[in-house]
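These notes concern the structure reproduced below.
Each reported figure results from applying straightforward, stated rules to the coordinates on display, with no laboratory input. Keep in mind the model is a prediction, meaning the values are calculated, not measured. Every residue, glycine as well, gets a Cβ built from its backbone with ideal geometry; the counts of neighbours run over all protein chains shown.
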Amino acid sequence: MPAASLHASEAACFSILVFPSSQAMFRNPAARCLKALPSTWCLQCPRKPLMGHTSVISTTAFISQHTVAKRTTRQRPATNARVQVRPLQRTEDPFRPVADMLLRSVMKRHGNLQMFGDTPIQMHNSLTLSSTVLKDMSTMDLIHAIKESPRGAVSKDETVDKIKRLLIKRLYATPLVMSLQACHSFYQQEQNMSQYLSALFSVIDEMFDDLSPSPAEITQLFLYIFIHGNAPQMLFYKVEEYLLTNLDRFHISDLGVICGGFFRANTRVSSQDLLDAVARKLLKEIEQLEPFLLPSFLKVFRHSSYIRVSFYNQLADHLVRSKLLSGFRSVNPLMHIAFTYASLSLQHELLFDQLLTLVGGLVGSEQRVRTKDISKFVWACGTLQFKPANYRERFQPLVRAFESSRGGRIYPESLGELLVGLVYLGIFPEDLLSKCLSYDVASQLMDSESDREKSMQLLLLHETVKIECPQYTGNLLSRFQVEKLLHHPLVAHDLDAQLKVRIGLAAVLSSLQEKLGADRVHCHYPLPHFNSAVIELQYCCERGFLCFTPKPVQSGADTLSTHTTITDHLISELAGQPSQAESQPPISSEVASELEWSSQEERCCNLSMLLSECLQTGIML
């Protein structure tokens, strides 16, 4: 379409691509015309801007003469500029498809929340309503007016904004069921409701006890928390208390929707009792669960550091026996199952064998597979050292699917994660390793200074290739890059950085220091070959926990084997297992006297309870 045929009213529907061909264009005085362009126009410049100026100035006069001439100074078009016009694609919300699935799930069980009030009115021309007319309308009529508004309107709808402001002012006097219906109307008409949701969540947080919400209302509330992405922290605590008391009134799929809201808002479930109750209910009613909601439970369990091995073993046994896994038509939910077990270091051979079979079949048949899903699944298998028969051949389809998706070039994070998983499995695809360790890809991974994991992955791949692949001729990290990674605050021995990232470690350290005293509990780097800080205690059978000054263990120290023997014996006692000291090499009589625990059963019991309590604190946080 020639630019001359465009009208100002059509400007919002098109993007302008500008291809400048002369530096002289940058002296064009029509730069001020940029201010007249609608904010929805997308100006894209394939060439690099010169002299620090934007590349669109030269064509501004050409645009203004035909589309916004009334608002700008007339200029003759630059003869050496070429304009190409194409329709502007609307940016899609990546969470919209999942939100639609959650909404259908809720509607299937609850339908529309029961409404009351005035009979719906016909709003054939709602855009012409004045503020005075809107103020005189009931809340129900305002909600119906939203339903009559243009769906997904590109231009700003002033009437909808007025309705939104009126509904916010009336929130304290509006029943919760009606407020949620307003959310539903906004969502169905694809109207922006972030301001309304923020206000609604604050009011619900303030009046939660007075509202006395029903399970259906709590479920719909968390549907919109998922859509919005956040809510007041105290609201989550109040809902946790509500769930503990009313859990039996919830359908298991409703709890899946609620878990989705918790995870989307990046909020942990703080109550271990609630997590236990939800886990028991999931095992009991899993046959009634809509399969796509299972990952929501696992995300929340993982994010909340819920570690109950018996639950995960029972869940895995059920998944292997049932047909639930075979019903998935996407790699994503299968990845989340594997990723949860790997993150918690829980192995289940039969489950992972079935997952690998299903994922291998899906990557060959699915037209579009996310590289993130492939890489995280391979990482999970590698982390758990899952090596079934012919495992190299079974992982090949996943590697080929990743390569064909060009994910390594577009998403270097996924490439690094995939390779770490393969390296753990003893698989070394040299072409992918060379790509990941190339200067450009490695630089992109190093730019995320807050991500310790990426720095550790690069160092692992770099050092592993040098050891395991003697014939390797591909790229390696430069000396400068290695030095930069080694001095990364989260890789180097920076205790403050470790405690900020490892929340559980900080919680356990704080609990132990509070109970035993800061001079008896130290967090440092005792092992010279390991980059993670650990907590050190020194315990005497006669005097209890000792005050000490932490010192790193030297790799050649004569006492290293003695320390190992004492540590192994202590761990055995704490775990309630028989000591293996008899099978250890002979040690000195002084050390042997320290290992006489038979008369200290009470001390060991108290020590075990103390450490368990402190560790539980870390898990909860």
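For this structure, a couple of remarks:
- Spin-label model, GLU158/HIS487: points 7 Å from Cα along the beta carbon direction are separated by 5.9 nm.
- Segment LEU460..GLU536, full-extension length gain: 24.7 nm, with 0.36 nm per residue of separation and the alpha-carbon distance subtracted.
- By the beta-carbon count within 10 Å of each Cβ, the least crowded to most crowded order of TYR439, TYR306, fewest first, is TYR439, TYR306.
- Taking VAL160, VAL423 and counting other C-beta atoms within 10 Å, the order from fewest to most: VAL423, VAL160
- Cα centroids of the range 454-480 and the range 304-337: 35 Å apart.
- Note on LYS454: lysines with a C-alpha under 18 Å away, same-chain residues under 8 apart excluded, are LYS372, LYS376, LYS435, LYS484, LYS500.
- Residues ASP519, ASP141, ASP254, arranged from fewest to most other Cβ atoms within 10 angstrom of their Cβ, appear as ASP519, ASP141, ASP254.
- Whole-Å distance, taken between Cα centres, linking the range 185-221 and the range 338-389: 38
- Inter-probe distance in nm under a simple model that places probes 7 Å from Cα toward Cβ, at LEU166 and THR357: 6.1
- Computed from label points 7 Å out along Cα-Cβ, the spacing between VAL98 and GLU241 is 2.9 nm.
- Nearby lysines by direct alpha-carbon distance to LYS147 (threshold 30 angstrom, same-chain neighbours under 8 apart not counted): LYS108, LYS135, LYS156, LYS162, LYS164, LYS169
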